[in-house]
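S.K.: Got a structure here, written out as C-alpha cells. Questions coming.
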There are 2 protein chains.
Amino acid sequence: MTLLAQMTTLARQAKTASRALASLTTDEKNRALRAMADALERDADGLKAANAQDMAVGAQLGLSAAMLDRLKLDDKRISGMARGLREVAALPDPVGRILDQRTRPNGLRLQKVSVPIGVVVIIYESRPNVTADAASLCFKSGNATILRGGKEALHSNQLIAQTMVAAGRMALGGRFPDHAIQVVPTPDREAIPALLSLTQYVDLCMPRGGEGLIRAVAECSKVPVIKHYKGVCHVFVDRDADPAMAEAIVLNAKCQRPAVCNAMETLLVDQPVAAAFLPRIAARLGERHVQLRVDETAAAILSAGEKPKAEIRPAAEQDWFTEYNDYILNVRVVDGVEAAIAHINHYGSAHSDSIVTRDEARARQFLAEVDSAAVYWNASTRFTDGGEFGMGAEIGISTDKIGARGPMGLEELTSYKWLGFGTGQVRT
Amino acid sequence: MTLLAQMTTLARQAKTASRALASLTTDEKNRALRAMADALERDADGLKAANAQDMAVGAQLGLSAAMLDRLKLDDKRISGMARGLREVAALPDPVGRILDQRTRPNGLRLQKVSVPIGVVVIIYESRPNVTADAASLCFKSGNATILRGGKEALHSNQLIAQTMVAAGRMALGGRFPDHAIQVVPTPDREAIPALLSLTQYVDLCMPRGGEGLIRAVAECSKVPVIKHYKGVCHVFVDRDADPAMAEAIVLNAKCQRPAVCNAMETLLVDQPVAAAFLPRIAARLGERHVQLRVDETAAAILSAGEKPKAEIRPAAEQDWFTEYNDYILNVRVVDGVEAAIAHINHYGSAHSDSIVTRDEARARQFLAEVDSAAVYWNASTRFTDGGEFGMGAEIGISTDKIGARGPMGLEELTSYKWLGFGTGQVRT
C-alpha cells in the first residue's frame, strides 16, 4: 500500500468514526473518558515498557538529556495523564450549545448550534502525554483525532491510543467508534503532506511545536490549519504607568517562565519615563541574569548611570522579530503609545501584548489597535493560557483570524450548524 | 515591477488601511457608505461609459447574451447598488460586540470582543454590482478589501471602487484610508496565486462563482479560504411525512429558482411511501418540465402506473454528486432515515438538506446526523440565504467547518480578540 493510500484509509476511517462520535451523549463520552483514565493507570507497566523501547532508540539516536526527559513516561506522568482525562470528563460538553436562536416572520425557527468539527489532525513533538491530552479534548468535543507525535515517541503514543480505544470500547461497547483515536503508524515525514492533502476527510490540522514544524505544516497543508508560529510578546510601559506595577509585570512576563510562548520578548518604554524606569528595571533583570538587547536610546540611558548587572548589547533588526524563549530581552524606547502600537503590529507575532498605564484613553487605544489575539491593560502577558482563562483545559493557542483565536479549549474545538424548524414553509 | 511585487504593494497597502479602518467609528463608517451611495448615483453616466467599454470588449470576445446581460450596468442596476450601500449603512455595526465576559478569581477581567478580520480578498465573476456589495459589507465590518472580478468587467469594477473611495475621502477626509477598497488592476490570471501567497498581509479569501473557479482558488491559496464548492441539496420525504407538505416543499426546493445553490438536486423518498408519493410528485414535476434521473426502485414504481409527463431516465453514479442548477432532479428510494442520512453525507455538498416528517425522533436524528451547514425539518432548502436568515445582507455561503458556516452576513466578516483588564495582576 502506498503512503497516500495508507493515509487515505486512516482519514476515511476517522471520518466514519466522527459521524458516530457526533451522536454520543455527554454521559457516554464522560464514561468512556473515565474508563480511559482507569485503563492508563492500570496498564502503567505496559506503557512504561513501550516507553523504554522509545527511550532506548532515543538514546541511540543521541537525543539530548532534556529531550529524553520530555520523552520519558513514569508513574507520575501516567497518573498525570489519567487525571487530565478525568478533568476533561468533568468539563461541560461543548457540543449542542445554542449559539443563536431566531424566529422569522414566516414562522421558521432557526437555531445555530455547536457541533464537532469532524476529523482533527494534531501534529506535535516529543512528549507522549500530549497524545492523551489532545485525544481526550478532541473526543469530548466529538471529534475524531489523528495524532502525529515525534517519531521518537511512536511506541508510547501508539500504546496510549490503543489503551484509550480499548477502554472506550469496554465502556460503550458497539457505540464506541473504533477509529475515534488513531496514531499515524509510520515515522515517514511524507505522511504529513499526504494526510493534509485529504480535504474530503480531514477538517482541521493543529500543529504544535517549534516555528519550523508549524511553518512546514502550514506550507504543505490543503486543509485548514489553526496555529501560532511563535510568541513575540510585548509589554509597553506608558508615561503614566505606575512604576512599581510596571516593574512587577515586566519581571513576571519575562522571568516567571521564559520558555513559553506568552513570555515577553520585547520591553517598550515610553520616552518620558525611560530615564527613570530603565536603570531600575535593568538592575532587577540583571539580578535574574537576563541579557538585554537594547536600541540606541536605551543604550545611552543605561550607560549614563551606574552600570547595571545585566549583560547589555545592541539589538539587531532581526532581534525584534525573535522569540528567544530564554533569559534574553529586547528593550526599546518609543515615543508614545502610537509608536508602541506600530512596533508591536510590525514586529510582533499577534499573540499577547500588554500596556501598563493609568491613562484610560491610551489604554483603550492600545487595546483597540494592537492586532493580537490577547491584549492586556495592567496585567502580565503570561495569562494567555486556557487554564488562566477558565477554559478548564487547552489544546493550543491560535494567532489566526479565521476560526478560534487565543487560547483554545473545548468550545474552540467545535464548529456550528444551522437548524431550521418549519411547519411546511416554502420560499415565495 | 513584477506581478508579485505589484500584488505585494496592493496587499501591504490594504493591511495598512485595515489598521485605520478598525478604528473608524460606526457613525464614520455609515456616513462614508451613504456618501458612496450618493456618488454612485451621481456618477451614473461615468459608470455607464466605463461599462460600455467593457460591453464592447465583451462582445468582441464573443460573450453570450446572458453573460453580456450580467455584465451590463444601467440606471436601474446603479440605483440598486446605491440602495444596497444605504441598507448596509443601516445595519448594526458587527465590530465591538462583546461575545464573552468573565472575571477570574485573581480579579483579571476578560472580554472577548468582535474585531475586523483585516484584509479580505474577494474573487468573483462577471456582475459588476458585486464590487459595490462586497466592498460595502467589508467596509462596514472594518475590513480592507481587494476585489478581483471577471476580466470582462475590469473598467466597470475599477470605476466603482474609485468612486466609492473618492466619496469616502470626501465624507471622512484624512480619516478615510485610501486603500480601503482596491481592485486588482490586471486581468493576469497569475495575479491570484501571487496575491494568495501573501500570508503576512492577506487574512482571508472568499471566492464566489462556479466550482471550477473555487477549486482553483482553494488549490493555490496559502491564506484561509471560506467557500462552498457547490450546492447538492436534498429533500428526504420520510414515511411519516404529510404528503401535501412534502409535495409543496419538493416543488419549491426544485422549481422556485433552480439555478441557485440552495435548490434541491436530489429527492430521497422513504420506501414505505414511495409507491404512493412518487407518481404524484412526478406528475407535478412533469408539469414544470423537470427531468427526473431515477434509481431502479423509483423507475419500477414510475413505470408501473400511469406514465407521468416528466422525462425519466436512469441516474448514473455521478448524477448523485451533481449540481444541475437546472430543471433536472435525481430521485432515489431509500429505506429509512439512516439510509437517507448516509446518502446525504456521502453524495451531498454539506450545504442545505431537509427532512419532511411528522415523526420527531426521526427528525431529530436527521438534524443531528446530517453534516451540513443548514438542516431543515419541514421546510424548503431554499431558505439558506442571508436575507432569509435575517442577516440583512449576505456576502456568501460557507460549507466550511472553520470560521463561518452557512450564510455569511456582517457578523461573519469579523474575528475576535481577547481583552484583559487588570490592576497589576501577575502570574504566580
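The values are calculated or read from the model by the stated rules, or taken from the named source; none is laboratory data. Predicted model, so just to flag it, every value in this text is computed and none were measured. Positions of Cβ are backbone-derived with ideal geometry, glycine not excepted, and every protein chain shown enters the neighbour counts.
S.K.: Based on what the data block shows, is A:Leu61 surrounded by 14 or more Cβ atoms within 10 Å (Cβ to Cβ) and touching a residue at least 12 places away in the same chain (Cβ under 8 Å)?
M.R.: No, not satisfied.
S.K.: Determine, yes or no, whether B:Glu394 is of a type in the set (Asp, Glu) and either at pLDDT 95 or above or more than 18 Å from the chain's Cα centre (by Cα) (or both).
M.R.: No: the conditions fail for B:Glu394.
S.K.: OK, next. Does the stretch A:278-289 hold any residues that are surrounded by fewer than 23 Cβ atoms within 10 Å (Cβ to Cβ) and not basic (Lys, Arg), and which are they?
M.R.: A:Pro279, A:Ala283, A:Gly286, A:Glu287, A:His289
S.K.: State the number of residues belonging to the stretch A:370-410 that are farther than 18 Å from B:Thr428 by Cα and of a type in the set (Lys, Arg).
M.R.: Count: 2.
S.K.: Please verify whether B:Ala374 is surrounded by 22 or more Cβ atoms within 10 Å (Cβ to Cβ) and either under 25 Å from A:Val202 (Cα atoms) or more than 8 Å from chain A (Cβ to nearest Cβ) (or both), treating the condition exactly as stated.
M.R.: yes
S.K.: From A:Val88, A:Val130, A:Val95, which residue is touching a residue at least 60 places away in the same chain (Cβ under 8 Å) and within 14 Å of another protein chain (Cβ to nearest Cβ)?
M.R.: Result of the check over A:Val88, A:Val130, A:Val95: A:Val95.
S.K.: For the stretch B:235-274, how many residues are surrounded by fewer than 17 Cβ atoms within 10 Å (Cβ to Cβ) and free of Cβ contacts under 8 Å to residues at least 40 places away in the same chain?
M.R.: 3
S.K.: Within the stretch B:243-262, does at least one residue satisfy the condition of being polar (S, T, N, Q) and in contact with a Leu (Cβ under 7 Å, 6 or more places away or on another chain)?
M.R.: Scanning the stretch B:243-262 turns up no residue that is polar (S, T, N, Q) and in contact with a Leu (Cβ under 7 Å, 6 or more places away or on another chain).
Let's see how each residue does on (1) hydrophobic (A, V, I, L, M, F, W, C); (2) under 30 Å from A:Val426 (Cα atoms); (3) modelled with pLDDT of 95 or more:
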position	(1), (2), (3)
A:Thr26	no, no, yes
A:Ala49	yes, no, yes
A:Ala59	yes, no, no
A:Leu68	yes, no, no
A:Val115	yes, yes, yes
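S.K.: Would you please list the contacts, defined by Cβ atoms under 6 Å and residues six or more apart or on different chains, that run from a residue in the stretch A:296-322 that is more than 25 Å from A:Val232 (Cα to Cα) and outside the structural domain of A:Ala283 (by TED's automatic domain parsing) to a residue that is polar (S, T, N, Q) and modelled with pLDDT under 95?
M.R.: Pairs found: none.
S.K.: A further question on this structure: Out of the stretch A:361-371, which residues are more than 7 Å from chain B (Cβ to nearest Cβ), not small (Gly, Ala, Ser) and not in a loop (DSSP other than H, G, I, E, B)?
M.R.: Scanning the stretch A:361-371 gives A:Arg362, A:Arg364, A:Gln365, A:Phe366.
S.K.: Please indicate, with yes or no, whether at least one residue in the stretch A:164-173 is at pLDDT below 95, surrounded by fewer than 21 Cβ atoms within 10 Å (Cβ to Cβ) and over 24 Å from A:Arg405 (Cα atoms).
M.R.: no
S.K.: Does A:Ser349 satisfy the condition of being assigned by TED's automatic domain parsing to the domain that holds A:Tyr324, in contact with a strand residue (DSSP E or B) (Cβ under 8 Å, 6 or more places away or on another chain), assigned to a loop (DSSP other than H, G, I, E, B) and within 17 Å of A:Val260 (Cα to Cα)?
M.R.: Criteria met by A:Ser349.
S.K.: What is the one condition in (1) hydrophobic (A, V, I, L, M, F, W, C); (2) more than 11 Å from chain A (Cβ to nearest Cβ); (3) without any contact (Cβ under 8 Å) to a residue 12 or more places away in the chain that B:Ala342 does not satisfy?
M.R.: All conditions pass for B:Ala342, except number (2).
S.K.: Also, I was wondering about something else. Looking only at the stretch B:270-292, count every residue that is of a type outside the set (D, E, K, R) and under 32 Å from the mean Cα position of the chain (by Cα) and tell me the total. Outline the logic, then answer.
M.R.: The initial filter retains those residues of the stretch B:270-292 that are of a type outside the set (D, E, K, R), namely B:271-279, B:281-283, B:285-286, B:289-292.
Restricting the remaining residues to those that are under 32 Å from the mean Cα position of the chain (by Cα) gives B:281-282, B:285-286, B:289-292.
Going through the stretch B:270-292 one residue at a time, the tally reaches 8.
S.K.: Taking the conditions exactly as written (within 22 Å of A:Ala393 (Cα to Cα) and buried (at least 23 other Cβ atoms within 10 Å of the Cβ)), does A:Asn143 satisfy them or not?
M.R.: So A:Asn143 passes the test.
S.K.: Give the residue that is farthest from the other protein chains (Cβ to nearest Cβ), with candidates limited to residues of the stretch B:389-402 that are in contact (Cβ under 8 Å) with a residue 12 or more places away in the chain and charged (D, E, K, R).
M.R.: Checking each candidate, the answer is B:Glu394.
S.K.: Does B:His351 satisfy the condition of being crowded, with 24+ Cβ neighbours inside 10 Å and under 21 Å from B:Arg215 (Cβ atoms)? Show your work before the answer.
M.R.: Numbers: crowded, with 24+ Cβ neighbours inside 10 Å: yes; under 21 Å from B:Arg215 (Cβ atoms): yes.
So B:His351 passes the test.
S.K.: Only one of (1) within 14 Å of another protein chain (Cβ to nearest Cβ); (2) crowded, with 22+ Cβ neighbours inside 10 Å; (3) under 13 Å from A:Cys233 (Cα atoms) is not met by A:Thr357, so which one is it?
M.R.: Of the numbered conditions (1) within 14 Å of another protein chain (Cβ to nearest Cβ); (2) crowded, with 22+ Cβ neighbours inside 10 Å; (3) under 13 Å from A:Cys233 (Cα atoms), the odd one out for A:Thr357 is (3).
S.K.: Is it the case, given these coordinates, that B:Lys227 is buried (at least 22 other Cβ atoms within 10 Å of the Cβ), among the basic types (Lys, Arg) and in contact with a Gly (Cβ under 9 Å, 6 or more places away or on another chain)?
M.R.: When the stated conditions are applied, B:Lys227 passes them.
S.K.: Quick check on the stretch B:315-341: of everything there that is within 26 Å of B:Gly210 (Cα to Cα) and surrounded by fewer than 15 Cβ atoms within 10 Å (Cβ to Cβ), which residue is nearest to the chain's Cα centre (by Cα)?
M.R.: Checked the stretch B:315-341; the qualifying residue nearest to the chain's Cα centre (by Cα) is B:Asp326.
S.K.: Exactly one condition in (1) within 30 Å of A:Ile117 (Cα to Cα); (2) buried (at least 20 other Cβ atoms within 10 Å of the Cβ) is false for A:Gly210; which is it?
M.R.: (2)
S.K.: Same structure, new question: Please go through the stretch A:377-391 and pick out each residue that is within 14 Å of the chain's Cα centre (by Cα) and either surrounded by fewer than 23 Cβ atoms within 10 Å (Cβ to Cβ) or assigned to a loop (DSSP other than H, G, I, E, B) (or both).
M.R.: A:Thr384, A:Asp385, A:Gly386, A:Gly387, A:Glu388, A:Phe389, A:Met391
S.K.: Among the residues of the stretch A:165-205, which ones are β-branched (Val, Ile, Thr) and in a helix (DSSP H, G or I)?
M.R.: A:Val165, A:Ile192
S.K.: Being within 11 Å of chain A (Cβ to nearest Cβ), under 19 Å from B:Ala374 (Cβ atoms) and out of contact with any His (no Cβ under 8 Å at 6 or more places or on another chain) is the filter here; which residues of the stretch B:255-271 pass it?
M.R.: B:Gln256, B:Arg257, B:Val260, B:Ala263
S.K.: Name every residue in the stretch A:410-424 that is more than 9 Å from chain B (Cβ to nearest Cβ) and touching a helix residue (DSSP H, G or I) at 6+ places or on another chain (Cβ under 8 Å), in order of residue number.
M.R.: If the condition is that a residue be more than 9 Å from chain B (Cβ to nearest Cβ) and touching a helix residue (DSSP H, G or I) at 6+ places or on another chain (Cβ under 8 Å), then A:Leu410, A:Leu413 are the ones that fit.
S.K.: Can you go through A:Arg427, A:Arg405 and tell me which one is under 29 Å from A:Asn143 (Cα atoms) and within 9 Å of another protein chain (Cβ to nearest Cβ)?
M.R.: Result of the check over A:Arg427, A:Arg405: A:Arg405.
S.K.: Let me ask you something else. Considering each of B:Ala316, B:Ala310, B:Ala342 in turn, give the residue that is aliphatic (A, V, I, L, M) and under 21 Å from B:Asp371 (Cα atoms).
M.R.: None of the others qualify; the one that does is B:Ala342.
S.K.: Scan the stretch A:1-16 and report the pairs whose first residue is touching a residue at least 60 places away in the same chain (Cβ under 8 Å) and whose second residue is of a type in the set (D, E, K, R), with Cβ atoms within less than 8 Å and a gap of 6+ or a chain change.
M.R.: Every condition considered, the pairs that remain are A:Leu3/A:Asp188; A:Leu3/A:Glu190; A:Gln13/A:Asp178.
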